[in-house]
Amino acid sequence: TLNQLINEKIILEEARKNSAIPTEAEIANKISELEANVGGKDVLETLLSQQGQTRTSLRDQLRTQLSISKLYDKEATVSAEEVSKFLSENRSLLRATDSAQQEKEAYDTIKNQKLSQIFNQKFQELRTKAKIQIF
């Protein structure tokens, strides 16, 4: 838990330095997307409860995730060729059924994978440079 808190502080501090803190509206939009994906507000509340989470903890997680996206989004570029290749290799794994939605799902999947890779590399550098004092 302590490491998680430290990691969140490091990420949010880097986001503040780079003006990449998400707005409350961006966080609310993401929560609305989640509600739509799972079947509504009540379903989301049930899922959060089952995981021992609250809306506040979800907002905190989303703030961190959106900060990471805003920090490294420009570095995580996806080409049309990558989307095409992904579709040919993974079409049966996609949830979307129409072509346009499959392309969006493929793009989003690749983008998230690249963001994750970039973040892991950059975060190690940030953590190494951070002056962490535990009392």
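Could we say that residue 95 is farther than 30 Å from residue 133 by Cβ, outside any helix (DSSP H, G or I) and open to solvent by 90 Å² or more (accessible area, probe 1.4 Å) here?
Yes.
Using beta carbons and a limit of 6 Å, which pairs, at least six apart or on different chains, have the first residue in the stretch 108-135 and more than 15 Å from residue 70 (Cβ to Cβ) and the second one outside any helix (DSSP H, G or I)?
Matching pairs, first to second residue: 110/78.
For the stretch 91-108, give me each residue that is touching a helix residue (DSSP H, G or I) at 6+ places or on another chain (Cβ under 7 Å) and not basic (Lys, Arg).
Matches in the stretch 91-108: 94, 96, 102, 103, 106, 107.
Can you tell me which of 43, 83 is β-branched (Val, Ile, Thr), more than 28 Å from residue 7 (Cβ to Cβ) and more than 20 Å from the chain's Cα centre (by Cα)?
So the residue among 43, 83 that is β-branched (Val, Ile, Thr), more than 28 Å from residue 7 (Cβ to Cβ) and more than 20 Å from the chain's Cα centre (by Cα) is 43.
At pLDDT 95 or above, aliphatic (A, V, I, L, M) and touching a Leu at 6+ places or on another chain (Cβ under 7 Å), is that true of residue 20?
yes
Do you know which residues across the stretch 33-48 are among the acidic types (Asp, Glu) and either under 14 Å from residue 68 (Cβ atoms) or open to solvent by less than 40 Å² (accessible area, probe 1.4 Å) (or both)?
Residue satisfying the conditions is 35 alone.
Among the residues that make up the stretch 21-32, is at least one of them open to solvent by 100 Å² or more (accessible area, probe 1.4 Å) and in a helix (DSSP H, G or I)?
no
Is it true that some residue in the stretch 65-72 is outside any helix (DSSP H, G or I), surrounded by 13 or more Cβ atoms within 10 Å (Cβ to Cβ) and among the small types (Gly, Ala, Ser)?
no
May I ask you to list the residues in the stretch 1-12 that are in contact (Cβ under 8 Å) with a residue 12 or more places away in the chain and either buried (at least 16 other Cβ atoms within 10 Å of the Cβ) or more than 16 Å from the chain's Cα centre (by Cα) (or both)?
2, 6, 10, 11, 12
Every residue, every condition in (1) in a helix (DSSP H, G or I); (2) surrounded by 14 or more Cβ atoms within 10 Å (Cβ to Cβ); (3) at negative phi; (4) not polar (S, T, N, Q), yes or no:
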residue	(1), (2), (3), (4)
74	yes, no, yes, yes
78	no, yes, yes, yes
82	yes, yes, yes, yes
102	yes, yes, yes, no
110	yes, yes, yes, yes
125	yes, no, yes, yes
134	no, no, yes, yes
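The values are calculated or read from the model by the stated rules, or taken from the named source; none is laboratory data. What you see is a predicted model; the values in this text were computed from it and never measured. Quick reminder, even Gly has a Cβ in these numbers, built from the backbone with ideal geometry, and neighbours come from all protein chains shown. When the accessible area is computed, the model is the full protein with side chains, heavy atoms only, and any ligands, DNA or RNA have been set aside. Shrake-Rupley method; radii C 1.70, N 1.55, O 1.52, S 1.80 Å.
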